[in-house]
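What follows is a single structure, written as structure tokens, with notes after it.
The values are calculated or read from the model by the stated rules, or taken from the named source; none is laboratory data. Here the structure is a predicted model, which is why all the values come from computation and not from measurement. With ideal geometry, Cβ positions are generated from the backbone for all residues, glycine too; neighbour counts draw on all protein chains shown. Heavy atoms of the whole protein, side chains included, go into the accessibility calculation; ligands, DNA and RNA do not. Shrake-Rupley method; radii C 1.70, N 1.55, O 1.52, S 1.80 Å.
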Amino acid sequence: MKKKLYTSDTDKKIAGVCGGIAEYFNIDSTLVRLGFVLFSLAGGSGLLLYLIAWAIMPKNNENNGGQGGNYGDFNGYNNYGNGGGQ
């Protein structure tokens, strides 16, 4: 199975970019976040790279049935919690 780079649904603080990079390289996301902070402090390139990565990295839709977004399994319950009745 080929690895792909996605934004993370589970390990995210802003957009999931650092979490996705950490999952791809199998490292701690804190290290990736520290790297972005260091690059940001050293001339602002970290912020620019983060914004570019946010714009071009696709969302990981494998965990939610390919629907996109954060859809949960509500087992037929509507907003009132009564199983779809009135």
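Quick notes
- Per-residue 3J(HN,Hα) values for the range 45-56, derived from phi via the Karplus relation 6.51 cos²θ - 1.76 cosθ + 1.60 with θ = phi - 60°, read 5, x, 5, 5, 5, 4, 5, 5, 4, 4, 6, 9 Hz in sequence order (x marks Gly and Pro).
- Just the protein heavy atoms count here, and of the accessible area of the range 1-59 at 1.4 Å, carbon and sulfur take up 68 percent.
- Packing-based ranking, highest mean first, of 33-42, 4-13 given that Cβ atoms within 10 Å are counted: 4-13, 33-42
- Of THR30, CYS18, TYR6, farthest towards positive along the dipole that unit charges on Lys, Arg, Asp, Glu beta carbons give the range 1-41: TYR6
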